[in-house]
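Have a look at the structure below before the remarks.
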């Protein structure tokens, strides 16, 4: 069954239950009204000739109803990153995915201070053209039996694209990832292992829907089981997020370590009293952040692991099944193996290697990019490009991106591991990022960017030499007001490296 077909079943079953609490708009929408709005917009979206349609709307009722309606109209939503370089991203997506029409919102364009380009259509203008006949038709269809509604809207294969998302581009140009209905449904169903009663959960939708965690975990997951979603348009509005969690009694939240760090600084004891499940992903969770949440909120943060290409969740820790320092066990129906990075042969438990994943969660491939697809997916196994270990109990330890391993003095050094040690020394409110800079003798050396004003370099150096080989200890420290982030909340390693290399060159002239 396709995602929107399942949604129709749920909306008909719980028409009077709240589906979405749109914090920005200040309104709540029931499942019945969400279904009605989706059916009305479906007729509007059918008129566009392209199969793929761009969507550039912040996390909100408007973004969610548009996504549902496009699928009902036999269109594929292409989610556009609007946080940085919006117009450039639209043009990139249009060219990459062969479409012109992009649905956006006038409020967003005004906030970004940009003028619409060819193909952009404001959702406000679409809604303005909804007349009485459209409303009556939509209302009439919404009152029909479930199976009749499912026949009226698009009904296709689970192998069809449900969305096209772009990789973060933190290391290279973004790739257009195709996720089919089967991919996302696998992850949604697998999440029931983490949360037994999704119907009675209130999810915090703080991540944008152009982020795979946002569209799968905090959009489709509650929607396909009758849960409630609290939407926040700007995840960086830390104070608003904390207030909304308390006011709406959010029970489940996900985020990146950077977001959790921000919420920790702006929250008051009691703000997260309603939360029973909090999962961190995208980057390694510093031990200090986990400890501070336990201390301040009595809330345990679990770590999860995933990728855009895996819809996204590969594994996660959760209540009653967690091992600190790991990213949990694979979701049901997900196969994970560790292979030698050189030979490609599977290694034994406890041996580090590349992480490969297989199952219904793995993307059907990159749009119009057969070469990249064939390089990353072979015999159904997706090469994550990450390094890790599976222990004898089946828990996965993520050791970082292979690209975040550098060769220094003939040795492979994990920058992620260096960061994990450095984080134990720095103050809890401090973030850090370790990068490499050129060295004529060694080829490269490690330096660190930190968000703290006071650096006792000699003391830090002395402590780290007790924990790590000398070649893994940062030789210099550079203070930044904040670390550049990707829209998903990940640290933008490419940008940090560019900044630090410029500072390093200036310092060592």
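A few comments on the model shown:
- Mean-position separation - Cα centroids, region 282-338 and region 351-376, in angstrom: 21 Å
- For 373, 256, order by how many other beta-carbon atoms lie within 10 Å, fewest first: 373, 256
- Residue 27-residue 322 pseudo-label distance in nm [points 7 Å out on the Cα-to-Cβ vector]: 3.8 nm
- Computed from label points 7 Å out along Cα-Cβ, the spacing between residue 465 and residue 128 is 6.9 nm.
- Counting 0.36 nm for each residue step from residue 118 to residue 151 and taking away their Cα separation leaves a gain of 8.5 nm.
- Residue ranges 135-141, 344-350 sort as 135-141, 344-350 when ordered by packing (mean number of other C-beta atoms within 10 Å per residue, highest first).
- Exposure proxy order (Cβ contacts within 10 Å, fewest to most) of 420, 311: 420, 311
- Centre separation in Å (Cα based) which lies between region 16-93 and region 180-219: 17 Å
- Those residues of region 78-111 whose amide nitrogen sits under 13 Å from the label point placed on residue 371, 7 Å along Cα→Cβ: none
- Each Cα pair under 8 Å and six or more residues apart adds its separation to the average, and for the chain the resulting relative contact order is 11 percent.
- Overall form of region 1-92 per C-alpha gyration tensor (a/c, 1.5; a/b vs b/c): oblate
- Crossing angle, helix 31-45 versus the chain [Cα axis fit, 0-90 degrees, rounded to tens]: 80 degrees
- Extension gain, residue 274 to residue 110, is 55.5 nm, computed as 0.36 nm per intervening residue step minus the present C-alpha separation.
- Remark: the residue 136-residue 50 segment gains 28.3 nm on full extension, using 0.36 nm per residue and subtracting the alpha carbon distance.
- A protection proxy built from the mean count of other Cβ atoms within 10 Å ranks the segments 39-45, 461-467, most packed first, as 39-45, 461-467.
- When shorter helices are ignored and each DSSP H run of at least 4 residues is given -39500 (n - 2.57), the per-residue value for the chain at 222 nm works out to -9500 deg cm²/dmol.
- Gyration tensor verdict on region 409-507 (Cα atoms; rounded if a/c is under 1.5, prolate if a/b is larger than b/c, oblate otherwise): rounded
- For region 409-507, the relative contact order works out to 27 percent when only alpha carbon pairs closer than 8 Å and six or more residues apart are counted.
- Residue order, fewest to most beta carbons within 10 Å, for 379, 340, 173, 271: 379, 173, 340, 271
Throughout, read-outs are computed from the coordinates displayed, never taken from laboratory work. In this text, all values refer to a predicted model and were calculated from it rather than measured experimentally. Backbone-built Cβ (ideal geometry, glycine too); neighbour counts: all protein chains shown.
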